[in-house]
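The values are calculated or read from the model by the stated rules, or taken from the named source; none is laboratory data. Just so it is clear, the model here is predicted, and its values are computed rather than measured. For neighbour counting, all protein chains shown are included, and Cβ atoms are generated from backbone atoms with ideal geometry for every residue, glycine included. Areas reflect the complete protein model, heavy atoms only, side chains present, ligands, DNA and RNA absent. Shrake-Rupley method; radii C 1.70, N 1.55, O 1.52, S 1.80 Å.
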Amino acid sequence: MTTVRAVARVPATAVLAHYLVGYRRTWRAGVFSSFLLPVLTVVGFGFGVGAYVDQGVDGVRYLWWLVPGLIASTAFQVAVAESTWPVHSNFKWIRTYHAQVAAPLRTDDIVAGHLAFVLFRVVTSAVAFLLVTAAFGALRSPWAVAVAPIALLLGLAVAAPVFAFSARVPSDSYLALLFRFAVIPMTLFSGVFFPVESMPAGLRPVAWAAPLWHGVDLCRAATLGVEPRWSVTGHVLYLVAWAGVGWWLALRAFRRQLVV
C-alpha cells in the first residue's frame, strides 16, 4: 500500500498511465506487427540475401550477423516514430500537452511520462524481435538478454532529442524530412546490413557518430558473444550523452511551448 501511494505521488506516472490506457485499445494491432515484421525481415534478408553471402560476415553466418542490427534498427525506428507525429500532434492538433499542463502538471512530468511510454514501446518491440529471432536459432550467446537494456538506452538516446525537434518544428512536413534525410540514411549506413568498414574511409566517421551504430555494435556483441568494436563503456557513455543533451533540449522546447 505504501508503495502504491509513493508511485501515485509521482506525477509522471499519471502521464504514463494516460498513454497506457490509450494503448490498451490498440495493442493487438501492435503485437501482430511486432511479430510479423521480424519474421518477414529475417526470412527476406537473413535467408534470402544471406543465401548469396556464402562466407558470412566476420566469420559468422550472415543471418547471425544481421539479426542484432535489425533489433537495434527496430528499437531506433520505433523510438523515432513514437517521438515525431505523436509529440507534434499533442502540441498542434489535439493539444493534449496543454490540457496536461493545466491539470496542473509540470513540463518535466509531461516529458518524463511520455518518454516512459515511448521506451515501453521500444523495449516491447525489441523483445518481440528477440523472441522471433531466437526461434530461428539466430542468438549465439546467453548475453543476448542484454539486448533489452541496450534497446532501452538507444531508444532514450534517440527519442529525447527527437522530442525536442518535434516540439519546435512549425509543421509536420519537417517530420517527413527527418525520416528522409536522417532516419533512412542512418538505418542504411550504421552497420545494420553491412559492416561500416566496407564504406569509403571518409564516410565511416559519419556512421560512427550516429547513435544507431553504437546500439548495433552493442547488440551484435551481446547476441554473438564477442567483443564490440568500441569498448562497452565508450558506447554507453556516448548514448548517455545523447540522452542527456536530448532531455535538456526537450525540456527547453516543451517549456517554451507550454509555459506562458
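For the stretch 30-48, does any single residue satisfy the condition of being modelled with pLDDT of 90 or more and open to solvent by less than 50 Å² (accessible area, probe 1.4 Å)? Checking the stretch 30-48: not a single residue is modelled with pLDDT of 90 or more and open to solvent by less than 50 Å² (accessible area, probe 1.4 Å). From the list 43, 39, 67, 111, the one residue that fits, being under 21 Å from residue 161 (Cα atoms) and part of a helix (DSSP H, G or I), is 111. Residue 74 fulfils the conditions (1) modelled with pLDDT under 95; (2) among the polar types (S, T, N, Q); (3) open to solvent by less than 10 Å² (accessible area, probe 1.4 Å) except for a single criterion, (3). So for the stretch 150-159 (the condition being outside any helix (DSSP H, G or I) and open to solvent by 40 Å² or more (accessible area, probe 1.4 Å)), does at least one residue qualify? No, that holds for no residue. The residues on offer are 168, 140, 180, and the sole one that is out of contact with any Ser or Thr (no Cβ under 8 Å at 6 or more places or on another chain), open to solvent by 10 Å² or more (accessible area, probe 1.4 Å) and farther than 17 Å from residue 86 by Cβ is 180. Scanning the stretch 199-237 for residues being surrounded by fewer than 19 Cβ atoms within 10 Å (Cβ to Cβ) and in a helix (DSSP H, G or I) gives a total of 10.
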